[in-house]
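*Asks:* One structure, as structure tokens, below. Some questions next.
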Protein chains: 2
Amino acid sequence: MTSTLGFAILAVLARGERTGYDLAAAMRTPVGYFWTAGHSQIHAELQKLRADGLVGFEAEHGPGPQGKKVYHLTADGLAALRAWVTEPPRARPERDELVLKTYASWLAEPGLLRRLFADQLAMHEERLAGYEREEAAFGGPPPPGDPRFGNYATLWCGLGYERHRVEWCRWMLERLSSAGA
Amino acid sequence: MTSTLGFAILAVLARGERTGYDLAAAMRTPVGYFWTAGHSQIHAELQKLRADGLVGFEAEHGPGPQGKKVYHLTADGLAALRAWVTEPPRARPERDELVLKTYASWLAEPGLLRRLFADQLAMHEERLAGYEREEAAFGGPPPPGDPRFGNYATLWCGLGYERHRVEWCRWMLERLSSAGA
DNA sequence: CAAACCATGTAACCAGTTACATGATTAC
DNA sequence: GTAATCATGTAACTGGTTACATGGTTTG
């Protein structure tokens, strides 16, 4: 029973062999935009994946007390990843603290509330601008089948999400202003 | 150090006294759209909130081996909730399994992938239609300061989110169709 | 030679889920 | 009377975070 984190690791490894350290870096950027994990979790998961025969490694001489291990997908690992990709995602409960605050926002001081949403708006506008720069660097979507299609399609999702968030923050600020201080 | 779940409970209690059972129901609908918890977690959290003096309860005779406890906010609880509402939300790591699958989608069979996104599209269209019906029932936003403002504003966020998701699924399907197979 | 980076691992803790356990009240 | 609902709690487990622990390699 491979966990979602396990598949996240397999998905990175499908693009080329990596050390645990490299995987941790990938789990910050770009995979961190939709799935994250610290290095301690990654090393533990790699041991499980290895026990299940989904990854293997070559030990190399390198830094640290244990040297380094370069992990790669096995044939079984690739097959498991391929099968997982098109299966419907397990529904996870939503958890959005800003929306929860919004639910209780009728209790808040209007000035402080406007400040909260103005800050959130600025943050999402900044992220959006960053994604737009990234998108421009692509110059159009790569074809499905190209690994870069995965990067582009997730970026496109991020663009849509940030736009939605920006619009919602602006809508909130309008509502909060029109009702006076 | 009250947890976010603690504030979710306080936010519900701010609208009126409730039993743990009632709180669990609220954590399914409507709060469940942005924060969820099972009843076991809620009872445990209520004990902590009580130890911190943020809630109190009246024991009543009722069903079950322990009777029932009707919880209410204390003055401290209301103050803590008010202070929390306008503080910036703690950044949580994103975890979106569908986007992770998308990242690995270059490996997938095109037909199965189209099926995945068609199903997701149908699901989000259905949710969107439901939210639109709810929105129509409001007949415009209540003023901030009205508890119903909280409900309306979170609903508006949900509407935007579902629209974004619908658009992204459609974009994916277009990309996947134009590339043949 | 010092700091930053590369590299792997364990342990303790916290949050959240699922399963177990009990039993009164209400509606049919 | 029986089933659904109301009602509260504990225990075991899983996933994830933070802190602890070690030490080699590279760059300035």
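*Asks:* Does at least one position in segment B:95-103 carry a residue that is modelled with pLDDT under 95 and either under 19 Å from the mean Cα position of the chain (by Cα) or not assigned by TED's automatic domain parsing to the domain that holds B:PHE34 (or both)?
*Replies:* Within segment B:95-103 (the criterion being modelled with pLDDT under 95 and either under 19 Å from the mean Cα position of the chain (by Cα) or not assigned by TED's automatic domain parsing to the domain that holds B:PHE34 (or both)), the answer is no, since none of the residues qualifies.
*Asks:* Being surrounded by 13 or more Cβ atoms within 10 Å (Cβ to Cβ), within 16 Å of DNA strand C (Cβ to nearest atom) and without any contact (Cβ under 8 Å) to a residue 24 or more places away in the chain narrows it down to one of B:ARG82, B:ARG95, so name that one.
*Replies:* Every option except B:ARG95 fails the conditions.
*Asks:* Given the structure, is B:ALA44 within 12 Å of DNA strand D (Cβ to nearest atom), under 13 Å from the mean Cα position of the chain (by Cα) and surrounded by fewer than 17 Cβ atoms within 10 Å (Cβ to Cβ)?
*Replies:* For B:ALA44, the condition - within 12 Å of DNA strand D (Cβ to nearest atom), under 13 Å from the mean Cα position of the chain (by Cα) and surrounded by fewer than 17 Cβ atoms within 10 Å (Cβ to Cβ) - is not met.
*Asks:* Filter segment A:160-177 for residues that are more than 9 Å from chain B (Cβ to nearest Cβ) and either touching a Ser or Thr at 6+ places or on another chain (Cβ under 8 Å) or surrounded by fewer than 21 Cβ atoms within 10 Å (Cβ to Cβ) (or both) and give the result.
*Replies:* Residues satisfying the conditions are A:VAL166, A:ARG170, A:LEU173, A:GLU174, A:SER177.
*Asks:* Can you tell me which residue is farthest from A:GLU97 (Cα to Cα) among those in segment B:1-24 that are within 11 Å of DNA strand C (Cβ to nearest atom) and away from chain A (no Cβ under 14 Å)?
*Replies:* It comes out as B:TYR21.
*Asks:* Among B:PRO89, B:PRO63, which is surrounded by fewer than 21 Cβ atoms within 10 Å (Cβ to Cβ), within 14 Å of DNA strand C (Cβ to nearest atom) and either modelled with pLDDT of 95 or more or on the phi > 0 side of the Ramachandran plot (or both)?
*Replies:* B:PRO89
*Asks:* Of all the residues that make up segment A:14-37, how many are open to solvent by less than 40 Å² (accessible area, probe 1.4 Å) and of a type outside the set (A, V, I, L, M, F, W, C)?
*Replies:* So the count comes out to 5.
*Asks:* For segment A:59-91, which positions are assigned to a loop (DSSP other than H, G, I, E, B) and within 7 Å of chain B (Cβ to nearest Cβ)?
*Replies:* A:THR86, A:PRO88, A:PRO89, A:ARG90
*Asks:* If you take the residues in segment B:129-153 that are closer than 19 Å to A:ASP96 by Cα and open to solvent by less than 20 Å² (accessible area, probe 1.4 Å), which one is farthest from the other protein chains (Cβ to nearest Cβ)?
*Replies:* Only one residue tops the list, namely B:TYR152.
*Asks:* Is there any pair with a first residue in segment B:103-120 that is under 17 Å from A:ILE9 (Cα atoms) and at the interface with chain A (Cβ under 7 Å from one of its Cβ atoms) and a second that is open to solvent by less than 40 Å² (accessible area, probe 1.4 Å) and of a type in the set (Val, Ile, Thr) whose Cβ atoms are under 8 Å apart and which are 6 or more apart or on different chains, and what are they?
*Replies:* B:TYR103/A:VAL31; B:TYR103/A:THR154; B:ALA104/A:VAL85; B:SER105/A:VAL85; B:LEU107/A:VAL85; B:ALA108/A:VAL85; B:ALA108/A:THR86
The values are calculated or read from the model by the stated rules, or taken from the named source; none is laboratory data. All values reported here derive from a predicted model rather than from experimental measurement. So basically every Cβ, Gly included, is an ideal-geometry build from the backbone, and we count neighbours across all protein chains shown. Calculation scope for accessible area: heavy atoms of the full protein, side chains included, ligands and nucleic acids excluded. Shrake-Rupley method; radii C 1.70, N 1.55, O 1.52, S 1.80 Å.
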